[in-house]
1. When both residues are 6+ apart or on different chains and their Cβ atoms are under 7 Å apart, which pairs have a first residue that lies in the stretch 77-94 and is farther than 18 Å from Val19 by Cα, and a second that is among the aromatic types (Phe, Trp, Tyr)?
2. Name the pairs: first residue in the stretch 133-153 and within 14 Å of Thr197 (Cα to Cα), second residue within 11 Å of the ligand (Cβ to nearest atom) and in a loop (DSSP other than H, G, I, E, B), Cβ to Cβ under 6 Å, at least 6 apart or on different chains?
3. Any idea which of Ser187, Ser210 is on the phi < 0 side of the Ramachandran plot and away from the ligand (no atom under 16 Å from the Cβ)?
4. Confirm whether Pro215 is without any contact (Cβ under 8 Å) to a residue 24 or more places away in the chain, more than 17 Å from the chain's Cα centre (by Cα) and away from the ligand (no atom under 12 Å from the Cβ).
5. Select, from Thr197, Thr88, Thr165, the only residue that is open to solvent by 50 Å² or more (accessible area, probe 1.4 Å) and out of contact with any helix residue (DSSP H, G or I) (no Cβ under 7 Å at 6 or more places or on another chain).
6. Report, by residue number, each residue of the stretch 258-278 that is under 15 Å from the mean Cα position of the chain (by Cα) and part of a loop (DSSP other than H, G, I, E, B).
7. Condition first: touching a strand residue (DSSP E or B) at 6+ places or on another chain (Cβ under 9 Å), under 20 Å from Pro186 (Cα atoms) and not small (Gly, Ala, Ser). Now tell me which residues in the stretch 131-161 satisfy that.
Amino acid sequence: MPLGSEPMTITGHTTVLGVISDPVAHVRAPQVFNPLFEAGGIDAVLVPVHVTPDGLSTAIAGLKATLNYRGLAVTIPHKVALAKLCDTLGDNGRRVGAVNAVRFDMAQDGTRHMVGDMFDGMGYVAGVAAGGFDFAGKRVLQIGAGGAGMAIAFAVADAGATHITIANRTPAKAMQLAERIAAEFPSLEARGVGADTDPAGYDVILNATSLGLKPEDPLPFDLDRATPGCVISEIIMIPERTRLLDAAEARGHPIHFGRPMLEHQAKLMMQFFGFEAA
Ligand code: ATR
(Lines give C-alpha, C1' and ligand atoms only; values in the text may rest on other atoms or scores of the structure.)
Protein backbone atom coordinates (compact mmCIF):
# COMPACT_ATOMS: atom_id res chain seq x y z
CA MET A 1 0.00 0.00 0.00
CA PRO A 2 1.45 3.42 -0.89
CA LEU A 3 2.48 5.59 2.07
CA GLY A 4 -0.27 7.94 3.16
CA SER A 5 -3.21 5.93 1.75
CA GLU A 6 -5.80 4.67 4.23
CA PRO A 7 -6.42 0.92 4.47
CA MET A 8 -10.01 -0.11 3.76
CA THR A 9 -11.77 -0.57 7.10
CA ILE A 10 -14.49 -3.22 7.23
CA THR A 11 -17.14 -2.55 9.87
CA GLY A 12 -20.66 -3.74 10.62
CA HIS A 13 -21.92 -1.14 8.12
CA THR A 14 -19.89 -2.47 5.22
CA THR A 15 -21.84 -3.83 2.24
CA VAL A 16 -20.49 -7.21 1.10
CA LEU A 17 -20.29 -8.53 -2.45
CA GLY A 18 -18.66 -11.64 -3.85
CA VAL A 19 -17.26 -13.12 -7.00
CA ILE A 20 -18.55 -16.67 -7.34
CA SER A 21 -16.30 -19.08 -9.19
CA ASP A 22 -14.80 -22.58 -9.31
CA PRO A 23 -11.81 -22.61 -9.15
CA VAL A 24 -11.44 -19.25 -7.48
CA ALA A 25 -7.71 -18.49 -7.18
CA HIS A 26 -7.48 -16.80 -10.59
CA VAL A 27 -10.40 -14.35 -10.19
CA ARG A 28 -9.65 -10.68 -10.81
CA ALA A 29 -12.85 -9.03 -9.57
CA PRO A 30 -11.49 -8.23 -6.04
CA GLN A 31 -8.51 -6.39 -7.56
CA VAL A 32 -10.84 -4.51 -9.94
CA PHE A 33 -13.73 -3.59 -7.62
CA ASN A 34 -12.08 -2.96 -4.24
CA PRO A 35 -9.90 -0.12 -5.63
CA LEU A 36 -13.06 1.36 -7.23
CA PHE A 37 -14.82 1.24 -3.83
CA GLU A 38 -11.84 2.88 -2.14
CA ALA A 39 -11.45 5.55 -4.81
CA GLY A 40 -15.17 6.34 -4.64
CA GLY A 41 -15.30 6.38 -0.82
CA ILE A 42 -17.85 3.53 -0.99
CA ASP A 43 -18.18 1.39 2.16
CA ALA A 44 -18.22 -1.97 0.40
CA VAL A 45 -15.94 -4.96 -0.11
CA LEU A 46 -15.87 -7.71 -2.72
CA VAL A 47 -14.48 -11.10 -1.71
CA PRO A 48 -13.91 -14.42 -3.51
CA VAL A 49 -16.67 -17.01 -3.01
CA HIS A 50 -15.60 -20.55 -3.94
CA VAL A 51 -18.64 -22.68 -4.80
CA THR A 52 -18.74 -25.84 -6.93
CA PRO A 53 -21.64 -26.47 -9.33
CA ASP A 54 -23.04 -29.08 -6.90
CA GLY A 55 -23.25 -26.53 -4.10
CA LEU A 56 -24.54 -23.62 -6.20
CA SER A 57 -28.24 -23.61 -5.29
CA THR A 58 -27.47 -24.11 -1.57
CA ALA A 59 -24.89 -21.31 -1.59
CA ILE A 60 -27.23 -18.95 -3.43
CA ALA A 61 -30.08 -19.64 -1.00
CA GLY A 62 -27.70 -18.80 1.85
CA LEU A 63 -26.39 -15.61 0.26
CA LYS A 64 -29.91 -14.48 -0.61
CA ALA A 65 -30.79 -14.80 3.08
CA THR A 66 -27.67 -12.84 4.10
CA LEU A 67 -29.04 -9.31 4.32
CA ASN A 68 -25.77 -7.37 4.04
CA TYR A 69 -24.83 -9.29 0.86
CA ARG A 70 -25.56 -6.97 -2.10
CA GLY A 71 -24.68 -9.29 -4.96
CA LEU A 72 -22.13 -11.30 -6.89
CA ALA A 73 -19.91 -11.03 -9.89
CA VAL A 74 -20.26 -14.38 -11.66
CA THR A 75 -17.62 -16.26 -13.54
CA ILE A 76 -16.75 -19.73 -14.85
CA PRO A 77 -18.54 -22.17 -14.58
CA HIS A 78 -21.66 -20.52 -13.11
CA LYS A 79 -22.80 -17.98 -15.73
CA VAL A 80 -25.48 -20.16 -17.35
CA ALA A 81 -26.60 -22.00 -14.19
CA LEU A 82 -27.07 -18.75 -12.24
CA ALA A 83 -29.18 -17.25 -15.03
CA LYS A 84 -31.61 -20.12 -14.44
CA LEU A 85 -31.74 -19.44 -10.69
CA CYS A 86 -32.51 -15.70 -11.07
CA ASP A 87 -35.98 -14.37 -10.24
CA THR A 88 -35.60 -11.65 -12.90
CA LEU A 89 -33.20 -11.24 -15.82
CA GLY A 90 -32.15 -8.03 -17.54
CA ASP A 91 -32.64 -7.90 -21.32
CA ASN A 92 -29.10 -8.92 -22.08
CA GLY A 93 -28.98 -11.77 -19.56
CA ARG A 94 -32.23 -13.13 -20.99
CA ARG A 95 -31.07 -12.93 -24.60
CA VAL A 96 -27.64 -14.41 -23.95
CA GLY A 97 -28.96 -17.00 -21.49
CA ALA A 98 -26.12 -16.29 -19.05
CA VAL A 99 -25.30 -13.71 -16.36
CA ASN A 100 -22.04 -12.28 -15.07
CA ALA A 101 -23.62 -10.25 -12.24
CA VAL A 102 -26.49 -10.89 -9.84
CA ARG A 103 -27.99 -8.53 -7.27
CA PHE A 104 -30.13 -9.37 -4.24
CA ASP A 105 -33.02 -6.87 -4.03
CA MET A 106 -35.60 -6.66 -1.28
CA ALA A 107 -39.03 -7.40 -2.79
CA GLN A 108 -42.20 -5.69 -1.51
CA ASP A 109 -43.22 -8.83 0.38
CA GLY A 110 -39.93 -8.70 2.32
CA THR A 111 -38.30 -11.60 0.48
CA ARG A 112 -35.04 -11.23 -1.37
CA HIS A 113 -35.23 -11.29 -5.11
CA MET A 114 -32.25 -12.21 -7.33
CA VAL A 115 -31.83 -10.05 -10.43
CA GLY A 116 -29.20 -11.04 -13.00
CA ASP A 117 -27.70 -9.50 -16.10
CA MET A 118 -24.81 -9.95 -18.51
CA PHE A 119 -22.28 -7.14 -19.04
CA ASP A 120 -19.49 -8.94 -20.96
CA GLY A 121 -20.70 -7.74 -24.34
CA MET A 122 -21.75 -4.24 -23.29
CA GLY A 123 -18.34 -3.75 -21.66
CA TYR A 124 -16.65 -4.76 -24.90
CA VAL A 125 -18.72 -2.37 -27.03
CA ALA A 126 -18.27 0.48 -24.52
CA GLY A 127 -14.50 -0.12 -24.51
CA VAL A 128 -14.34 -0.01 -28.30
CA ALA A 129 -16.56 3.11 -28.35
CA ALA A 130 -14.19 4.80 -25.90
CA GLY A 131 -11.45 4.11 -28.43
CA GLY A 132 -13.44 6.14 -30.96
CA PHE A 133 -15.07 3.32 -32.95
CA ASP A 134 -18.80 2.94 -33.63
CA PHE A 135 -20.32 -0.39 -34.78
CA ALA A 136 -23.35 1.35 -36.33
CA GLY A 137 -23.75 0.39 -39.99
CA LYS A 138 -20.68 -1.89 -39.97
CA ARG A 139 -20.04 -5.36 -41.43
CA VAL A 140 -18.49 -7.47 -38.69
CA LEU A 141 -16.69 -10.81 -38.71
CA GLN A 142 -16.62 -12.31 -35.22
CA ILE A 143 -14.38 -15.33 -34.72
CA GLY A 144 -15.46 -17.37 -31.69
CA ALA A 145 -18.87 -18.38 -30.35
CA GLY A 146 -18.01 -19.38 -26.76
CA GLY A 147 -19.33 -17.81 -23.56
CA ALA A 148 -17.78 -14.39 -24.14
CA GLY A 149 -18.52 -14.54 -27.88
CA MET A 150 -22.25 -15.06 -27.27
CA ALA A 151 -22.54 -11.93 -25.14
CA ILE A 152 -20.41 -9.88 -27.53
CA ALA A 153 -22.39 -10.82 -30.64
CA PHE A 154 -25.62 -9.57 -29.04
CA ALA A 155 -23.96 -6.33 -27.91
CA VAL A 156 -22.45 -5.70 -31.36
CA ALA A 157 -25.90 -6.24 -32.88
CA ASP A 158 -27.36 -3.86 -30.29
CA ALA A 159 -24.75 -1.27 -31.24
CA GLY A 160 -26.14 -1.16 -34.78
CA ALA A 161 -23.97 -3.48 -36.91
CA THR A 162 -25.77 -4.31 -40.17
CA HIS A 163 -24.05 -7.65 -40.84
CA ILE A 164 -22.42 -10.21 -38.54
CA THR A 165 -20.68 -13.34 -39.71
CA ILE A 166 -19.88 -15.60 -36.78
CA ALA A 167 -17.07 -18.06 -37.45
CA ASN A 168 -16.15 -20.81 -35.03
CA ARG A 169 -13.97 -23.93 -34.88
CA THR A 170 -17.14 -25.84 -33.98
CA PRO A 171 -19.44 -24.55 -36.75
CA ALA A 172 -22.69 -25.67 -35.06
CA LYS A 173 -22.12 -23.17 -32.23
CA ALA A 174 -21.62 -20.36 -34.76
CA MET A 175 -24.81 -21.35 -36.61
CA GLN A 176 -26.86 -21.49 -33.42
CA LEU A 177 -25.61 -18.10 -32.25
CA ALA A 178 -26.25 -16.53 -35.67
CA GLU A 179 -29.81 -17.92 -35.62
CA ARG A 180 -30.45 -16.44 -32.17
CA ILE A 181 -29.07 -13.05 -33.30
CA ALA A 182 -31.18 -13.09 -36.46
CA ALA A 183 -34.31 -13.91 -34.43
CA GLU A 184 -33.66 -11.02 -32.03
CA PHE A 185 -32.57 -8.50 -34.71
CA PRO A 186 -34.65 -9.17 -37.85
CA SER A 187 -33.13 -6.28 -39.84
CA LEU A 188 -29.58 -7.49 -39.27
CA GLU A 189 -27.95 -10.03 -41.59
CA ALA A 190 -26.37 -12.82 -39.48
CA ARG A 191 -24.74 -16.04 -40.61
CA GLY A 192 -22.73 -18.75 -38.91
CA VAL A 193 -19.75 -20.46 -40.58
CA GLY A 194 -16.71 -22.60 -39.73
CA ALA A 195 -13.44 -21.07 -38.58
CA ASP A 196 -11.80 -21.21 -42.03
CA THR A 197 -13.96 -18.40 -43.42
CA ASP A 198 -12.54 -15.75 -45.72
CA PRO A 199 -11.82 -12.58 -43.69
CA ALA A 200 -12.06 -10.28 -46.75
CA GLY A 201 -14.88 -7.75 -47.03
CA TYR A 202 -15.50 -6.69 -43.41
CA ASP A 203 -15.20 -3.34 -41.63
CA VAL A 204 -14.25 -5.04 -38.34
CA ILE A 205 -12.82 -8.42 -37.44
CA LEU A 206 -13.06 -9.32 -33.80
CA ASN A 207 -11.30 -12.22 -32.13
CA ALA A 208 -13.51 -13.73 -29.43
CA THR A 209 -11.60 -17.03 -29.27
CA SER A 210 -8.96 -17.91 -26.71
CA LEU A 211 -6.33 -18.03 -29.48
CA GLY A 212 -3.65 -15.52 -28.50
CA LEU A 213 -3.56 -16.31 -24.79
CA LYS A 214 -0.43 -18.41 -25.41
CA PRO A 215 2.45 -16.96 -27.42
CA GLU A 216 2.65 -20.09 -29.61
CA ASP A 217 -1.04 -19.88 -30.64
CA PRO A 218 -1.67 -19.48 -34.38
CA LEU A 219 -3.43 -16.31 -35.55
CA PRO A 220 -7.23 -16.88 -35.48
CA PHE A 221 -7.59 -15.99 -39.20
CA ASP A 222 -5.51 -15.18 -42.28
CA LEU A 223 -4.65 -11.53 -41.70
CA ASP A 224 -3.22 -11.19 -45.21
CA ARG A 225 -6.74 -11.51 -46.62
CA ALA A 226 -8.36 -8.87 -44.37
CA THR A 227 -9.57 -5.79 -46.25
CA PRO A 228 -7.04 -2.92 -45.93
CA GLY A 229 -8.15 -0.44 -43.25
CA CYS A 230 -10.39 -3.03 -41.56
CA VAL A 231 -10.40 -2.63 -37.76
CA ILE A 232 -8.87 -5.59 -35.89
CA SER A 233 -10.15 -6.05 -32.35
CA GLU A 234 -9.30 -8.42 -29.53
CA ILE A 235 -10.92 -9.51 -26.28
CA ILE A 236 -7.82 -11.13 -24.78
CA MET A 237 -6.53 -8.97 -21.91
CA ILE A 238 -3.34 -10.80 -20.98
CA PRO A 239 -1.12 -10.42 -22.89
CA GLU A 240 -2.50 -6.97 -23.71
CA ARG A 241 -0.66 -6.89 -27.03
CA THR A 242 -1.40 -10.23 -28.73
CA ARG A 243 0.43 -11.47 -31.82
CA LEU A 244 -2.74 -10.67 -33.78
CA LEU A 245 -2.76 -7.01 -32.72
CA ASP A 246 0.99 -6.68 -33.36
CA ALA A 247 0.72 -8.15 -36.83
CA ALA A 248 -2.40 -6.11 -37.65
CA GLU A 249 -0.78 -2.86 -36.58
CA ALA A 250 2.32 -3.67 -38.63
CA ARG A 251 0.03 -4.00 -41.69
CA GLY A 252 -1.55 -0.61 -40.99
CA HIS A 253 -4.89 -1.78 -39.53
CA PRO A 254 -6.52 0.25 -36.74
CA ILE A 255 -6.50 -1.99 -33.63
CA HIS A 256 -8.49 -2.25 -30.39
CA PHE A 257 -7.16 -3.90 -27.23
CA GLY A 258 -9.09 -6.25 -24.95
CA ARG A 259 -8.31 -4.52 -21.67
CA PRO A 260 -10.85 -1.61 -21.92
CA MET A 261 -13.62 -4.25 -21.99
CA LEU A 262 -12.88 -5.08 -18.36
CA GLU A 263 -12.70 -1.46 -17.20
CA HIS A 264 -15.96 -0.49 -18.89
CA GLN A 265 -17.70 -3.61 -17.73
CA ALA A 266 -16.70 -2.84 -14.13
CA LYS A 267 -18.30 0.61 -14.42
CA LEU A 268 -21.54 -0.87 -15.77
CA MET A 269 -21.54 -3.48 -13.00
CA MET A 270 -21.00 -0.81 -10.32
CA GLN A 271 -24.18 0.88 -11.55
CA PHE A 272 -26.02 -2.46 -11.61
CA PHE A 273 -25.01 -3.07 -7.97
CA GLY A 274 -26.39 0.37 -7.10
CA PHE A 275 -23.11 2.27 -6.71
CA GLU A 276 -22.06 5.31 -8.65
CA ALA A 277 -18.97 4.42 -10.72
CA ALA A 278 -15.85 6.09 -9.35
P1 ATR B 1 -14.89 -17.85 -23.25
O2 ATR B 1 -15.89 -17.80 -22.10
O3 ATR B 1 -13.61 -17.13 -22.95
O4 ATR B 1 -15.51 -17.43 -24.54
P5 ATR B 1 -15.14 -20.59 -24.14
O6 ATR B 1 -16.61 -20.56 -23.94
O7 ATR B 1 -14.38 -21.81 -23.74
O8 ATR B 1 -14.44 -19.38 -23.37
O9 ATR B 1 -14.88 -20.26 -25.70
C10 ATR B 1 -13.61 -20.29 -26.28
C11 ATR B 1 -13.72 -19.93 -27.77
O12 ATR B 1 -12.42 -20.06 -28.37
C13 ATR B 1 -14.63 -20.85 -28.56
O14 ATR B 1 -15.15 -20.14 -29.66
C15 ATR B 1 -13.64 -21.93 -29.04
O16 ATR B 1 -14.05 -22.66 -30.16
P17 ATR B 1 -14.97 -24.00 -29.99
O18 ATR B 1 -16.37 -23.50 -29.78
O19 ATR B 1 -14.79 -24.75 -31.23
O20 ATR B 1 -14.44 -24.71 -28.77
C21 ATR B 1 -12.46 -21.06 -29.39
N22 ATR B 1 -11.21 -21.80 -29.37
C23 ATR B 1 -10.56 -22.27 -28.29
N24 ATR B 1 -9.42 -22.90 -28.66
C25 ATR B 1 -9.36 -22.82 -30.03
C26 ATR B 1 -8.45 -23.29 -31.02
N27 ATR B 1 -7.35 -23.96 -30.69
N28 ATR B 1 -8.72 -23.01 -32.32
C29 ATR B 1 -9.83 -22.33 -32.67
N30 ATR B 1 -10.75 -21.86 -31.78
C31 ATR B 1 -10.51 -22.11 -30.48
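The values are calculated or read from the model by the stated rules, or taken from the named source; none is laboratory data. Since the structure is predicted, the reported quantities are computational estimates derived from the model, not experimental observations. Here the Cβ is made from the backbone with ideal geometry for all residues, glycine too, and neighbour counts use every protein chain on show. Just so you know, the surface numbers come from the protein's heavy atoms only, side chains and all, with ligands and any DNA or RNA stripped out. Shrake-Rupley method; radii C 1.70, N 1.55, O 1.52, S 1.80 Å.
1. Correct list of pairs: Asn92/Phe154.
2. Gln142/Ala208; Ile143/Thr209; Ile143/Pro220; Ile143/Phe221; Gly144/Ala208; Gly144/Thr209
3. Numbers: Ser210 fails: away from the ligand (no atom under 16 Å from the Cβ).
Unique residue meeting the criteria: Ser187.
4. Working: without any contact (Cβ under 8 Å) to a residue 24 or more places away in the chain: no; more than 17 Å from the chain's Cα centre (by Cα): yes; away from the ligand (no atom under 12 Å from the Cβ): yes.
Judged against the criteria, Pro215 is not a match.
5. Values: Thr197 fails: open to solvent by 50 Å² or more (accessible area, probe 1.4 Å); Thr165 fails: open to solvent by 50 Å² or more (accessible area, probe 1.4 Å).
Being open to solvent by 50 Å² or more (accessible area, probe 1.4 Å) and out of contact with any helix residue (DSSP H, G or I) (no Cβ under 7 Å at 6 or more places or on another chain) holds for just one of Thr197, Thr88, Thr165, which is Thr88.
6. Gly258
7. Once the filter is applied, which keeps residues that are touching a strand residue (DSSP E or B) at 6+ places or on another chain (Cβ under 9 Å), under 20 Å from Pro186 (Cα atoms) and not small (Gly, Ala, Ser), the stretch 131-161 yields Phe135, Lys138, Arg139, Val140, Leu141, Gln142, Ile152, Val156.
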